[in-house]
Amino acid sequence: MKLILRGHHLLCLQGFQGYGYDENFVENMTEINRQRKLANTTISLTDSPDDICKSCPNLRDGICENQKQNERIKSMDEKVLSKLDILKEYNACDLFEEVEKIFNSKDIVSEICSKCIWHKECLFYENL
């Protein structure tokens, strides 16, 4: 199995607990979260709409909701991807171990996620 994920979703997946924009989004996110934990899953990184975004009702013409929101999302992606090799194809388990090591404090994660609408529900952030 191969997944394509944008930078900030590497954090979202670790904090996901079943909330979402609609039922279709939650089902897709749940399945991707399951797949990313499998030993044979690989992940390619992107800074544009990915396998999670494809089921988001806010994705329109390749941008998230509106230009302002899209800029916030791309900024979050950039902060995460600046710490990783975007050209590399990762083993999913190895990638998420690396992400946990890099993004290991509330200060670091808050800098990225503080404006996210799911910030208060995020278990990844809360467990730091």
Problem set entry | Interchain or long-range residues, amide H under 5 Å from Leu59's placed H | Glu65
Seminar exercise, completed: Note, the stretch 59-68: 3J(HN,Hα) by Karplus (6.51, -1.76, 1.60, θ = phi - 60°), whole Hz, Gly/Pro = x, goes 7, 9, 6, x, 10, 8, 6, 8, 4, 5
Seminar exercise, completed: Too long for a 21 Å Cα-Cα cut-off, among Lys68/Lys88; Lys2/Lys115; Lys2/Lys68; Lys54/Lys74, are Lys68/Lys88; Lys2/Lys115; Lys2/Lys68
Exercise. So what is the relative contact order for the chain, in percent, with contacts set as C-alpha pairs under 8 Å and at least six apart?
Worked result: 35
Exercise. So what are the ³J(HN,Hα) numbers for the stretch 36-53, from phi and the Karplus equation (6.51, -1.76, 1.60; θ = phi - 60°), rounded to whole Hz, Gly and Pro as x?
Worked result: 5, 8, 7, 4, 9, 8, 10, 9, 9, 9, 8, 10, 9, x, 10, 5, 7, 4
For this session: Could you pull out the trypsin sites (Lys or Arg not before Pro) across the stretch 51-103 that fall in loop regions by DSSP (anything but H, G, I, E, B) with no more than 15 other Cβ atoms inside 10 Å?
Result: Lys83, Lys88
Exercise. Volume per residue, Å³, of the convex hull around the alpha-carbon atoms of the stretch 18-111?
Worked result: 111
Problem set entry | Amide hydrogen neighbours beyond the local backbone of Leu3, cut-off 5 Å, H modeled | Thr42, Ile43, Ser44
Seminar exercise, completed: Under the 7 Å Cα-to-Cβ spin-label approximation, Thr30 and Leu84 lie apart by a distance in nanometres of 2.4
Problem set entry | chymotrypsin sites (Phe, Trp or Tyr not before Pro) lying in DSSP loop within the stretch 1-78, provided at most 13 other Cβ fall within 10 Å | Tyr19
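The numbers here are math on the coordinates, done by the rules we state, and not lab data. Since we're looking at a predicted model, the values are computed, not measured. Glycine gets a Cβ as well: all are built from the backbone with ideal geometry, and neighbour counts include every protein chain shown.
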